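The values are calculated or read from the model by the stated rules, or taken from the named source; none is laboratory data. As the structure is a prediction and not an experimental result, all values here were calculated from the model. Quick reminder, even Gly has a Cβ in these numbers, built from the backbone with ideal geometry, and neighbours come from all protein chains shown. The protein model used for the area step is the full one, side chains on, heavy atoms only, and it has no ligands, DNA or RNA in it. Shrake-Rupley method; radii C 1.70, N 1.55, O 1.52, S 1.80 Å.
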Amino acid sequence: MQDELTMLEGGWMRLKVPLPFSLRFVNAYLIPDPTGGYTLIDPGLHTTAAEEAWERTIDRLGITYDSVRQIILTHMHPDHYGMAGWFQLKSGAPVLMSRASHAYARRLWGQDRAFDAELTALYDQHGMPLELLAQIAPHLESFVALVSPQAEITYIAEGDRLTFGGGEWTAIATEGHGEGHLCFYRPDTRLMVCGDQVLPDITPNVSVVPGGKGGELRRFLASLERLESYDVAAAFPGHRDPFTDFAGRIRELKEHHARRLDMLAGWLDEPVAAYDICVRMFGERIGGNIHNLRFALSETLAHLDHLVDEGRAERVRRGEGFMYQRK
Ligand SMILES: [Zn+2]
């Protein structure tokens, strides 16, 4: 447990909050404010192990929960949003997040479970076998406990100025990874809190989900273009370690998607279901893990739909579902 809390420059602290997935950790940033107290960014997924990690951290720092004055969420994915309500109960702090991200959180984990059936139907149309389709709704349902209790949200939006860590940060709306995702940029020190929009070592997931706006990969790439124009000295991501070559990492991500699109286009000689493309692409890595499979299939769909948007492939009806073929 010794490396779970890392001291960063400027008194910032990074807690690696444990996750029961292959990602293993999400980064929570605890940032001291010169006027006293702390700002907390992305507290983690609500598990017993995560509660224990926070208890150890609070003890080790010799602080109290109510010294956390505000909780800022980059987006509503459960590994970032899940503990916000628990932390709010302990600290009384406001939880700040975009309206779009909150709406999506309510759709996923609210009383209305319509999303479960919609996602199952989407995967059914794209060739997922029945025994796996049957696991989708229970899998989604299993997250409700991991994001409860859910926080009262104070809305923030693109262009808003937030004060933390002794500076002023601008919220930047980014697209393609999660609805309503926000990054935060501080111009005087050129720091960027980038959530999951730009990650070192691993590629941020870009997913097609029911009720999405469409063009997920196009919107993700457009957001990368926009972020690339910022002069960034250090970036603080949601996973893995803080890093310095922000523009270089953005170039790598753009190249990754260009290569993957070319590869997929080469697999579409005959009409093929997105599920079969997904298995060919991800192979062993998704076998038997419904969580990984869900992200893999939604990401495969994002790439295939992008090929359709670019006029390189077409989506054809097959029975109740769809297949893709080169144009
Ligand atoms: Zn995420």
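Scan segment 187-196 and give yes if some residue there is more than 14 Å from the chain's Cα centre (by Cα) and in a strand (DSSP E or B), otherwise no. There is at least one residue in segment 187-196 that is more than 14 Å from the chain's Cα centre (by Cα) and in a strand (DSSP E or B).
Within segment 50-83, if we keep just the residues that are over 16 Å from VAL144 (Cα atoms) and of a type in the set (Ser, Thr, Tyr), the residue that is most open to solvent (accessible area, probe 1.4 Å) turns out to be THR64. Restricting attention to segment 217-227, does a residue exist that is more than 15 Å from the ligand (Cβ to nearest atom) and in contact with a Cys (Cβ under 9 Å, 6 or more places away or on another chain)? Yes, that holds for at least one residue. Just checking, how many residues over segment 308-327 are in contact (Cβ under 8 Å) with a residue 60 or more places away in the chain, part of a strand (DSSP E or B) and within 16 Å of ASP262 (Cβ to Cβ)? Of the residues in that region, 1 qualify.
Open to solvent by less than 10 Å² (accessible area, probe 1.4 Å), within 16 Å of the ligand (Cβ to nearest atom), polar (S, T, N, Q) and part of a helix (DSSP H, G or I) - does that describe any residue in segment 96-111? Within segment 96-111, one or more residues are open to solvent by less than 10 Å² (accessible area, probe 1.4 Å), within 16 Å of the ligand (Cβ to nearest atom), polar (S, T, N, Q) and part of a helix (DSSP H, G or I).
Restricting attention to segment 218-248, the residues being assigned to a loop (DSSP other than H, G, I, E, B) and more than 17 Å from GLU175 (Cβ to Cβ) number 9.
With respect to PHE236, is the statement that it is closer than 30 Å to PRO18 by Cβ and away from the ligand (no atom under 16 Å from the Cβ) true? First the steps, then the outcome.
Numbers: closer than 30 Å to PRO18 by Cβ: yes; away from the ligand (no atom under 16 Å from the Cβ): no.
Spelling it out, it is not the case that PHE236 is closer than 30 Å to PRO18 by Cβ and away from the ligand (no atom under 16 Å from the Cβ).
Suppose the filter is closer than 26 Å to PHE25 by Cα, in contact with a helix residue (DSSP H, G or I) (Cβ under 6 Å, 6 or more places away or on another chain) and not charged (D, E, K, R); does LEU140 pass it?
The answer is yes for LEU140.
Of the residues making up segment 4-34, those that are touching a His at 6+ places or on another chain (Cβ under 7 Å) and assigned to a loop (DSSP other than H, G, I, E, B) are PHE21, LEU23.
For segment 156-175, enumerate the residues that are open to solvent by 10 Å² or more (accessible area, probe 1.4 Å) and within 18 Å of the chain's Cα centre (by Cα). If the condition is that a residue be open to solvent by 10 Å² or more (accessible area, probe 1.4 Å) and within 18 Å of the chain's Cα centre (by Cα), then ILE156, ALA157, GLU158, ALA173, GLU175 are the ones that fit.
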